[in-house]
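Enquirer: Dumping the structure here so I can ask a few things about it.
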Amino acid sequence: MLLSWRLAMVGVCAYYESPVLDHVLWVLDGFKAVIKVTVLLCLKMLLLPVLLGCGIDFATLALFEATVAQRVRFASYHVLCALLLHWVVGISFMLLITVSVLQLREVLHPAVLARIIRPQEAHPDLLKTLLGESCAKHGRRMVLSLLIYWLLLMLVVWLPVRLASSLGFSALPLRARLCYVLPELQVPLELLVFHMGVLALLERSKNMIGDFQH
């Protein structure tokens, strides 16, 4: 819709050569950029981690002796807590896989993963990248990233859980019963601390991951 309005305004500005219409066109370009950045960030930083978190949750049901109905019932009663939990699990998995894949790119021959995995930039300009590249290119990258994440999720989460379940390790040895005085406050704070801990651990251990892969 904004694109059609922009094309119409371009035609009007070209015909009348009005500075007011040029200003309106500039405002429309700004709105288009804001909407593009907002949608892409929501898809990459919110929707994708939540989907991966749900995938990890359902892939580990047998390990915790849980059912899909129990997970759905928990999410229906604690919507915000379930979303935060799945987002933290998903974004932590994404960070771990991203660091591992980047280290694997450095370990393997450059011709193996050079075409599908970009090297890590020292100071990436996220806003410039989001605005400078087309939506089709971002869409292709998101689809490729989603396929890689789901493939590795099946390999490093679902398959080990299935093997552990078939060998008789159906439940964890420790089942903590958590007690919250104010869960609306404690759950987000604990998830935030866990997320920051994962960031710090990956920052310190990424060279160890590369050494292990080597």
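The values are calculated or read from the model by the stated rules, or taken from the named source; none is laboratory data. Computed from a prediction, not measured in an experiment: that's the story for all the values here. Don't worry about glycine lacking a Cβ; one is built from the backbone with ideal geometry, like all the others, and counts go over all protein chains shown. Note: accessible area is taken over every heavy atom of the protein model, side chains too, but ligands, DNA and RNA are not part of it. Shrake-Rupley method; radii C 1.70, N 1.55, O 1.52, S 1.80 Å.
Enquirer: Could you please find all residues in the stretch 154-168 being outside any helix (DSSP H, G or I) and open to solvent by 70 Å² or more (accessible area, probe 1.4 Å)?
Expert: To start, the set of residues in the stretch 154-168 that are outside any helix (DSSP H, G or I) comprises 167-168.
Residue satisfying the conditions is L167 alone.
The rows are residues; the columns are (1) over 13 Å from the mean Cα position of the chain (by Cα); (2) open to solvent by less than 20 Å² (accessible area, probe 1.4 Å); (3) without any contact (Cβ under 8 Å) to a residue 24 or more places away in the chain.
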| residue | (1), (2), (3) |
| --- | --- |
| L47 | no, no, yes |
| L51 | no, no, no |
| D57 | yes, no, no |
| F64 | yes, no, no |
| V68 | yes, no, yes |
| V99 | yes, no, no |
| Q103 | yes, no, no |
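Enquirer: Let me ask something else about it. Looking for something modelled with pLDDT of 70 or more, farther than 23 Å from W150 by Cβ and open to solvent by 40 Å² or more (accessible area, probe 1.4 Å) - is there at least one such residue anywhere in the stretch 80-89? Spell out how you get there, then give the answer.
Expert: Within the stretch 80-89, the subset modelled with pLDDT of 70 or more is 80-89.
Pick out the ones that are also farther than 23 Å from W150 by Cβ and you get 80-81.
Now narrow it down to the ones that are open to solvent by 40 Å² or more (accessible area, probe 1.4 Å): 80.
Among the residues of the stretch 80-89, at least one is modelled with pLDDT of 70 or more, farther than 23 Å from W150 by Cβ and open to solvent by 40 Å² or more (accessible area, probe 1.4 Å), which makes the answer yes.
Enquirer: Looking at the stretch 90-100 only, could you name the residues that are among the small types (G, A, S) and either in contact with a Phe, Trp or Tyr (Cβ under 6 Å, 6 or more places away or on another chain) or at pLDDT below 85 (or both)? It would help to see each step written out before you state the result.
Expert: To start, the set of residues in the stretch 90-100 that are among the small types (G, A, S) comprises 90, 92, 100.
Of everything in the stretch 90-100, just one residue is among the small types (G, A, S) and either in contact with a Phe, Trp or Tyr (Cβ under 6 Å, 6 or more places away or on another chain) or at pLDDT below 85 (or both), namely S100.
Enquirer: Checking M9 against (1) within 18 Å of the chain's Cα centre (by Cα); (2) closer than 29 Å to E133 by Cα; (3) aliphatic (A, V, I, L, M); (4) at pLDDT below 85, which test does it fail?
Expert: (1)
Enquirer: Within the stretch 143-153, take every residue that is exposed (fewer than 13 other Cβ atoms within 10 Å of the Cβ) and of a type outside the set (V, I, T) and give me the one that is farthest from the chain's Cα centre (by Cα).
Expert: So the first thing to find is which residues in the stretch 143-153 are exposed (fewer than 13 other Cβ atoms within 10 Å of the Cβ), and the list is 143-144, 147, 151.
Then keep just the ones that are of a type outside the set (V, I, T); that gives 144, 147, 151.
Details: L144: 13, L147: 12, L151: 15 Å.
Among them, the one singled out is L151.
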